[in-house]
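What follows is calculated from the coordinates using simple rules that are stated; it is not laboratory data. If you're wondering where the values come from, they're calculated on a predicted model, not measured in any experiment. Virtual Cβ from ideal backbone geometry, glycine too; neighbours counted across all protein chains shown.
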Amino acid sequence: MTSAEHFDRWYAEMTSSPAADDLVRRTLELPPDLESTSLLSGPGLDEVAAFLALRPGEVLLDLACGRGGYGREVARRASCSVIGVDFSAVAVSQALSRGGDFRVGTLEACGLPDASVDAVMVVDALQFADSKPAVVGECRRVLRPGGRLAVTCWEAVDPADETVPRQFRDLDLARRLPEAGFVDVSVADRPEWRVSERRMWEEALATDAAGDPAMVSMQEEARRVLAVFERRRRVLATASVPETVRPA
Ligand SMILES: C[S@@+](CC[C@H](N)C(=O)[O-])C[C@H]1O[C@@H](n2cnc3c(N)ncnc32)[C@H](O)[C@@H]1O
């Protein structure tokens, strides 16, 4: 597992790099003040928001929220409230600096009560969990009947391909979501999202990173990602909790 301390350092570096934030926002076509630490583009975010179809007064959980940009934006569009949870205390404190309800917790144990939220989004973070079934189960636990889940991630084109890190090979959401009791499961490829993704990595590599630790770390990641770019597929997984839960 990539540790919370690793992410704390990552987020601390990012505050000192408006250049990295600007590059991400521009290449991913994001709203001007959205703080992303992932690869979800503006059009991708529109799709997530459309699927979650939040109504005013409902509650959204942005699980592994980072600095909270995506959850805040989805909630703003729907006039609903958002709770963000992440295991990086630094990310949570950066999210809190803009106000709102952001808490330290993990993908597997977010700390919210059973059946307490109407929608959950997990943007580009599920791959970091040791146990994917535990995270999917946690999403199911906190959702109310009729609740919606949207997950964006990457899966291996060939799960047996060991050049793709294991964290992407064991996602298998088409199997895990129904196993956890979700219905109306869709795990759809989104090749069109990869155009802006590739653009982001290539522009990062073409940038002069001198003296900018966030940009240096982005360039290191760009090299790793581009080396196996075609061996991963971009996925949007959506699912719902049945309206009425049958007694066991
Ligand atoms: C690539 S970032 C995405 C952040 C945010 N969802 C976004 O799209 O801007 C991955 C996030 O997952 C969080 N994370 C990784 N493993 C976690 C875990 N086991 N529990 C909670 N958060 C975790 C990291 O701290 C980081 O904020």
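Just a few scattered comments:
- Per-peptide average of other Cβ atoms within 10 Å, ordering 62-74, 163-175, 138-150 highest first: 62-74, 138-150, 163-175
- Under a 5 Å amide H cut-off, with hydrogens placed 1.01 Å from N, residue 84 pairs with 62, 101, 102, 103 among residues at least 5 apart or on other chains.
- Put in order of Cβ neighbour count within 10 Å, fewest first, the listed residues 199, 25 become 199, 25.
- Under 12 Å, Cβ to Cβ, from residue 175 - net charge with Lys/Arg +1 and Asp/Glu -1: -2
- Residue 5 versus residue 77: modelled label distance in nm, points set 7 Å from Cα along the beta carbon direction: 3.9 nm
- Alpha-carbon centroid distance for the pair region 99-131 / region 6-25, whole angstrom: 22 Å
- Estimated from helical segments only, the mean residue ellipticity of the chain at 222 nm is -12000 deg cm²/dmol, where each DSSP H run of four or more residues counts as -39500 (n - 2.57).
- Among 48, 19, 63 the positive-end extreme of the charge dipole of region 1-88 (Cβ point charges): 48
- Neighbour net charge for residue 191 - beta-carbon separation under 9 angstrom, K R +1, D E -1: +2
- Legend: ranking of residues 182, 51 from fewest to most surrounding C-beta atoms inside 10 Å; resulting order 51, 182.
- Our estimate of slack between residue 227 and residue 115, defined as 0.36 nm per intervening residue step minus the Cα-Cα distance, is 36.2 nm.
- Tensor-based shape of region 4-240 (alpha-carbon gyration tensor, a/c under 1.5 rounded, otherwise prolate or oblate): oblate
- Summing charges over all other residues whose Cβ lies under 11 Å from the Cβ of residue 112, with Lys and Arg as +1 and Asp and Glu as -1, gives -1.
- Dipole magnitude of region 4-240 about its Cα centre (Cβ charges: Lys, Arg +1; Asp, Glu -1), debye to nearest 20: 480 debye
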